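A.B. asks: Take this structure, written in structure tokens, and hold onto it; I'll ask about it next.
The values are calculated or read from the model by the stated rules, or taken from the named source; none is laboratory data. If you're wondering where the values come from, they're calculated on a predicted model, not measured in any experiment. Using ideal geometry, Cβ is built from the backbone for each residue, glycine included, and neighbour counts are taken over all protein chains shown.
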2 protein chains.
Amino acid sequence: MSELRKNVAGRPAPTEANGKIQVPYCGFRKNEFGDLVSAHKPEGRRAAPRIRSCADYPLRGDKRVSDLRTALEKCGLKDGMTISTHHHFRNGDLVANAIFDAAADLGVKNLLWFPSASFPCHQNQLKHLESGVIHHIEGSMNGPLGDYCSRGKMRGLGVLRSHGGRYQAVQDGEVPIDIAVIASPTADPFGNANGVTGDSACGLLGFALADSQYAERVVVVTDNLVPFPCVPWQIQGNYVDFVVEMEQIGDPSKIISGTTQITKSPDRLLIADYVARFVREAGIMKDGFSFQAGAGGTALAFAIYLKEMMIEEGVKARFIRGGSTKYLVEMLEEGLTDYILDGQTFDLDGVRSMRENTNHVNTSPFTSYNYHGKGNFAGMVDAVVLGATEVDLDFGANVVTHSDGRLLHGIGGWQNCLFSNCTILAIPSFRDRIPVIVDRVTTLCGPGELIDVIVTERGIAINPRRQDLLNSVKGSGLPIRPIEEIKQEVERIVGGAPAQPSLADDPVAIIKWVDGTVIDTVFRVNT
Amino acid sequence: MSELRKNVAGRPAPTEANGKIQVPYCGFRKNEFGDLVSAHKPEGRRAAPRIRSCADYPLRGDKRVSDLRTALEKCGLKDGMTISTHHHFRNGDLVANAIFDAAADLGVKNLLWFPSASFPCHQNQLKHLESGVIHHIEGSMNGPLGDYCSRGKMRGLGVLRSHGGRYQAVQDGEVPIDIAVIASPTADPFGNANGVTGDSACGLLGFALADSQYAERVVVVTDNLVPFPCVPWQIQGNYVDFVVEMEQIGDPSKIISGTTQITKSPDRLLIADYVARFVREAGIMKDGFSFQAGAGGTALAFAIYLKEMMIEEGVKARFIRGGSTKYLVEMLEEGLTDYILDGQTFDLDGVRSMRENTNHVNTSPFTSYNYHGKGNFAGMVDAVVLGATEVDLDFGANVVTHSDGRLLHGIGGWQNCLFSNCTILAIPSFRDRIPVIVDRVTTLCGPGELIDVIVTERGIAINPRRQDLLNSVKGSGLPIRPIEEIKQEVERIVGGAPAQPSLADDPVAIIKWVDGTVIDTVFRVNT
């Protein structure tokens, strides 16, 4: 029987989830190189799928079957299996719904859906959760599915992982995937596939990499079949069992935005300006440096401000980490960076650039984020700019729940990025009159040990652990303030600390740390 | 205790080799798609290296250590371990010798050297074989090391595998690699590496792919260190433990030829002409077709003749498989093929093209040849042109031993390529007055079931199993003759069948088939 115990961060962690033993989050240690690293030591060996033989596949490489249902039958779909999908189509995905509709038709029950993330377009799955076709979801639940989980309606516990944590869980055999279904904007009959061309072009398919490598059965679904070879083969057909053609696998207008939008809010623009100035004043912005920022309005504005400063000072980056947008592509094409190392493309310029620029490089959760590899790219990034729903006085932060306790967001690459040499949270000091800096975040997703700087429109708080950063910006004129002071000021404005969420005692989801340990638990919301 | 038993091809196969149980070659079956496939059914799961953690690697990605010896020590090198290397530097490799010199300095014994192939430049290893630093070699032994093995001097049995068979053996855990050392023309401190740039540029590093993925420890050695990221990362740093800089890792003049040479022999040119005409007359040369030919003089001449015919008839290939040369690159750049799918570059034009042309695509033994994957590329090639040292009346062929029994060549991708839709051996009918067509080949490397056509300067023999090919060239004017007739004619000319080699009863090496079974045994040569 599972019980809740406190982990070293003082957060409750169940000893078991969905029938699997859980290891509580262990905090940090210093390694032989002087780096702050996970204190958890993994044991055992990587997952090992069954050995296959070419003898069981068509010699001339044509793996097409008539439809998704047939593919699932040939994969041996049965009760209790795990089916995985990727989220490169974001809110425009048409495949994940079709899979579970087909599974329902086949009368199969108690499936574990293991998406790299789910979106509002997947609310179709609510009926399969209700009927028991889907037992539970492990993966980000953005919007309605998160709300459903928050209300305690899901049969199993939600398990949220970062992009890197998902790779780690598959690689380490924590989540054995029975059937991976990979929606592919372009594919050939052998199963080679990519995201750079076709009506549903999404740039790349990195979130499906682990699935292709480790799932027992792999189905590629496409609406743009080309003769062998499909080049580039971001997904290698040598891992693929069946290929299915569908009329339409995604809604292009929801997969990729035509253009990404910079914030117009004066407060957010001020935050972006502070972040860019901080990166310059702290001495991070120098020849050969690197940074990562998301595709949110504030992050885009930051990138534009930083770009201006780079031009002014004649500084060139070695690499910029995507999610890519028009603005990053411009920096590459104008020679302000040698490379974009990209994990997902957010707009049409990102997709085009990945197709055309050899220095716009396709990365994956394996290269970038997997904590159970021999290093990853995240620690090599000089500065990363991220968001958060809440942050506490210890610099610990939340990205998955709102202050009312509802689970409405996924982790994405957020946890993985915290290993950057300078992690900056760019956040408004309050939202809808609710302060963002709190005594204790509703859900701990990122430990304060790894979060270096909080930038709000009311000032910049530097983690006292980073005396080097405090020293570097002395005399810069930037509004450096203790985090407590910003918190107090906001509470004065909005009339006090936010109300505690009304939560029941029963867990509805767990939050994994990058190493597979449980960093926090999400509880049912009283409604 | 090992004993020799006859496999289904009537060839002796030991029940055990180097302490490991061996499965005898099982022949063929028809699969559900009507294809002739291996009758051997593999069991079990893929090899599973230990799970690693970023916690044990430098967070900022600098994995450099001072020298190869230090790297080997840090890898925990000890007696009896397996060290692997690749052969992309061919006869210009300087790294493999340095590894075993360092191992000798460290006083380590009984190592298994597991190269993807060895060359005359590696005769330095003879002293380590003599002293016991190296226990035995598994991998192709071209020249002096093969001769050493043939004379029964190696402590263990040689094990020869095709490129695909080597990937299969690593993937399936038959050969657990303790330490892979990957000589890399360009690399970054994180261990990302490629072969397209640098003084030792060799094009690609595909032969080291399995080693990087499955070895417990991986060392990248380079003489061209670049700042992170090394793009493209043909070898992913996330698999790499240590990076070593060396003054020089290869001799460029021996890694890559400046230009590849077409044969000038009238007989060989005639063979090339017959092969090209056969490919055209059999209806293989049509829009969207594919072919593979090596870099030998006859194969190059064939490619040039075929190119002329393609231009004449306005035919374009979908893809050409490399080993790439200037001649294939010209076909790509002149629009005669959509793609080159390349496993190794043989000349400077091949290297340049792989660097510059996005449609000159890097492949690996995994994508192209691994028989224990979900299909591979070999079966999708319409025609392949190969060589052989001997061929028998059943169309079985030998590529590793000479008619005197000496083991002087590796298998390369030869066995893997036999799965092409039309396998053509282009061979002179005799060499040094020794007939090439024999009653029974000295060593069986490729079963006659997969060999479709023998082209000699005295005529073309089509395997009677391929009635479709016999029909397709009827009335073509090509000199189609029964294989027996060509054999008799040659024996009349040279004065009879070749003498049987003088061999002892003790095995010195085994030949693996693509599925890991033992297809034949090589015996000690009496000297």
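A.B. asks: Check whether at least one residue in the range B:233-249 is assigned by TED's automatic domain parsing to the domain that holds B:ASP199 and in contact with a Pro (Cβ under 6 Å, 6 or more places away or on another chain), and report yes or no.
C.D. replies: yes
A.B. asks: Determine whether the range B:313-323 contains at least one residue that is modelled with pLDDT under 95 and in contact with a helix residue (DSSP H, G or I) (Cβ under 7 Å, 6 or more places away or on another chain).
C.D. replies: Yes, the range B:313-323 contains a residue that is modelled with pLDDT under 95 and in contact with a helix residue (DSSP H, G or I) (Cβ under 7 Å, 6 or more places away or on another chain).
A.B. asks: Consider the range B:285-305. How many of its residues are over 24 Å from the mean Cα position of the chain (by Cα) and part of a helix (DSSP H, G or I)?
C.D. replies: 1
A.B. asks: Could you grab me the full set of residues in the range A:335-352 that are among the acidic types (Asp, Glu) and either surrounded by 24 or more Cβ atoms within 10 Å (Cβ to Cβ) or not assigned by TED's automatic domain parsing to the domain that holds A:PHE366 (or both)?
C.D. replies: A:ASP342 - this is the single residue of the range A:335-352 that is among the acidic types (Asp, Glu) and either surrounded by 24 or more Cβ atoms within 10 Å (Cβ to Cβ) or not assigned by TED's automatic domain parsing to the domain that holds A:PHE366 (or both).
A.B. asks: Sticking with this structure for a sec: Take the residues in the range B:357-384 that are over 16 Å from A:ARG52 (Cα atoms) and among the polar types (S, T, N, Q), then tell me which one is nearest to the chain's Cα centre (by Cα).
C.D. replies: Residue satisfying both the conditions and the ranking: B:SER364.
A.B. asks: Let me ask another. Give me the pairs: first residue in the range A:478-499 and closer than 16 Å to A:ASP392 by Cβ, second residue part of a helix (DSSP H, G or I), beta-carbon distance under 7 Å, and six or more apart or on different chains, which are they?
C.D. replies: A:ALA497/A:GLU491
A.B. asks: Are there any pairs with C-beta distances below 9 angstrom linking a residue in the range A:161-176 that is over 24 Å from B:ARG45 (Cβ atoms) and within 11 Å of chain B (Cβ to nearest Cβ) to a residue that is outside any loop (DSSP other than H, G, I, E, B) and of a type in the set (Ser, Thr, Tyr), with the two at least 6 apart or on different chains, and if so which?
C.D. replies: The qualifying pairs are A:GLY164/A:SER368.
A.B. asks: Right, next: I need a count of the residues in the range A:6-46 that are part of a strand (DSSP E or B), more than 14 Å from chain B (Cβ to nearest Cβ) and either free of Cβ contacts under 8 Å to residues at least 60 places away in the same chain or surrounded by 15 or more Cβ atoms within 10 Å (Cβ to Cβ) (or both).
C.D. replies: 8
A.B. asks: Working carefully through the options A:ASN416, A:ASN357, find the one that is touching a helix residue (DSSP H, G or I) at 6+ places or on another chain (Cβ under 7 Å), closer than 22 Å to A:MET331 by Cα and at pLDDT 95 or above.
C.D. replies: Exactly one residue qualifies, and that residue is A:ASN357.
A.B. asks: I need the full set of residues from the range A:199-243 which are free of Cβ contacts under 8 Å to residues at least 40 places away in the same chain, more than 13 Å from chain B (Cβ to nearest Cβ) and within 24 Å of the chain's Cα centre (by Cα), in order please.
C.D. replies: Within the range A:199-243, A:THR222 is the sole residue that qualifies.
A.B. asks: Report, ordered by the first and then the second residue, all pairs with beta carbons closer than 9 Å, sequence separation of six or more or different chains, a first member in the range A:137-150 that is in contact (Cβ under 8 Å) with a residue 12 or more places away in the chain, and a second member that is in a helix (DSSP H, G or I) and among the small types (Gly, Ala, Ser).
C.D. replies: A:GLU138/A:ALA169; A:SER140/A:GLY146; A:MET141/A:SER150
A.B. asks: Follow-up. Check A:THR423, A:THR389, A:THR345 and return the single one that is within 18 Å of the chain's Cα centre (by Cα), more than 21 Å from B:GLY237 (Cβ to Cβ) and within 14 Å of chain B (Cβ to nearest Cβ).
C.D. replies: A:THR423
A.B. asks: Same structure again: Does the range B:80-123 hold any residues that are under 21 Å from the mean Cα position of the chain (by Cα) and surrounded by fewer than 23 Cβ atoms within 10 Å (Cβ to Cβ), and which are they?
C.D. replies: The answer is B:THR82, B:ARG90, B:ASN91, B:GLY92, B:LEU94, B:ASN97, B:LEU112, B:PHE119, B:PRO120, B:CYS121, B:GLN123.
A.B. asks: Also: Which of the following residues is crowded, with 24+ Cβ neighbours inside 10 Å, under 24 Å from B:ALA48 (Cα atoms), touching a His at 6+ places or on another chain (Cβ under 6 Å) and aromatic (Phe, Trp, Tyr): B:PHE207, B:PHE190?
C.D. replies: One residue alone meets the criteria, B:PHE207.
A.B. asks: Would you confirm whether any residue within the range B:273-284 is in a loop (DSSP other than H, G, I, E, B), within 14 Å of another protein chain (Cβ to nearest Cβ) and under 15 Å from B:VAL384 (Cα atoms)?
C.D. replies: Yes, the range B:273-284 contains at least one residue that is in a loop (DSSP other than H, G, I, E, B), within 14 Å of another protein chain (Cβ to nearest Cβ) and under 15 Å from B:VAL384 (Cα atoms).
A.B. asks: Count, please, the residues in the range A:54-76 that happen to be within 13 Å of chain B (Cβ to nearest Cβ) and not aromatic (Phe, Trp, Tyr).
C.D. replies: 13
Table: residues versus (1) closer than 24 Å to B:VAL381 by Cβ; (2) surrounded by 17 or more Cβ atoms within 10 Å (Cβ to Cβ).
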site: B:GLU247; (1), (2): no, no
site: B:PRO252; (1), (2): no, yes
site: B:TYR274; (1), (2): yes, yes
site: B:PHE278; (1), (2): yes, yes
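A.B. asks: Scan the range A:76-86 and give yes if some residue there is in contact with a His (Cβ under 7 Å, 6 or more places away or on another chain) and over 17 Å from A:GLY191 (Cβ atoms), otherwise no.
C.D. replies: There is no residue in the range A:76-86 that is in contact with a His (Cβ under 7 Å, 6 or more places away or on another chain) and over 17 Å from A:GLY191 (Cβ atoms).
A.B. asks: For A:LEU209, are the conditions met, namely being within 21 Å of A:SER116 (Cα to Cα), among the aliphatic types (A, V, I, L, M) and out of contact with any strand residue (DSSP E or B) (no Cβ under 6 Å at 6 or more places or on another chain)?
C.D. replies: It is true that A:LEU209 is within 21 Å of A:SER116 (Cα to Cα), among the aliphatic types (A, V, I, L, M) and out of contact with any strand residue (DSSP E or B) (no Cβ under 6 Å at 6 or more places or on another chain).
A.B. asks: Still on this model: Taking the criterion of being surrounded by fewer than 20 Cβ atoms within 10 Å (Cβ to Cβ) and basic (Lys, Arg), would at least one residue in the range B:51-59 satisfy it?
C.D. replies: No, because not a single residue in the range B:51-59 is surrounded by fewer than 20 Cβ atoms within 10 Å (Cβ to Cβ) and basic (Lys, Arg).
A.B. asks: While we're on this one: Going residue by residue through the range A:354-368, is there one that turns out to be facing chain B (nearest Cβ under 7 Å), among the basic types (Lys, Arg), over 16 Å from A:SER162 (Cα atoms) and surrounded by fewer than 24 Cβ atoms within 10 Å (Cβ to Cβ)?
C.D. replies: no
A.B. asks: Tell me, yes or no, whether the range A:154-177 has at least one residue that is touching a Leu at 6+ places or on another chain (Cβ under 7 Å) and surrounded by fewer than 24 Cβ atoms within 10 Å (Cβ to Cβ).
C.D. replies: Yes; the residues of the range A:154-177 include at least one that is touching a Leu at 6+ places or on another chain (Cβ under 7 Å) and surrounded by fewer than 24 Cβ atoms within 10 Å (Cβ to Cβ).
A.B. asks: Please list, ordered by residue number, the helices (runs of 4 or more DSSP H) wholly in the range A:76-167 having 3 or more residues that are of a type in the set (Val, Ile, Thr).
C.D. replies: Here the list is empty.
A.B. asks: If you don't mind, another one. Is it the case that the range B:369-380 has a residue that's on the phi > 0 side of the Ramachandran plot, more than 10 Å from chain A (Cβ to nearest Cβ) and not hydroxyl-bearing (Ser, Thr, Tyr)?
C.D. replies: No, every residue in the range B:369-380 fails to be on the phi > 0 side of the Ramachandran plot, more than 10 Å from chain A (Cβ to nearest Cβ) and not hydroxyl-bearing (Ser, Thr, Tyr).
A.B. asks: Identify, from the list B:ASN416, B:ASN463, the residue that is in contact with a Phe, Trp or Tyr (Cβ under 6 Å, 6 or more places away or on another chain) and farther than 23 Å from B:GLY283 by Cα.
C.D. replies: B:ASN416
A.B. asks: Then there's this: Kindly indicate whether any position in the range A:425-438 is surrounded by 24 or more Cβ atoms within 10 Å (Cβ to Cβ), among the hydroxyl-bearing types (Ser, Thr, Tyr) and in the same structural domain as A:ALA301 (by TED's automatic domain parsing).
C.D. replies: Checked against the condition, which is being surrounded by 24 or more Cβ atoms within 10 Å (Cβ to Cβ), among the hydroxyl-bearing types (Ser, Thr, Tyr) and in the same structural domain as A:ALA301 (by TED's automatic domain parsing), the range A:425-438 yields no hits at all.
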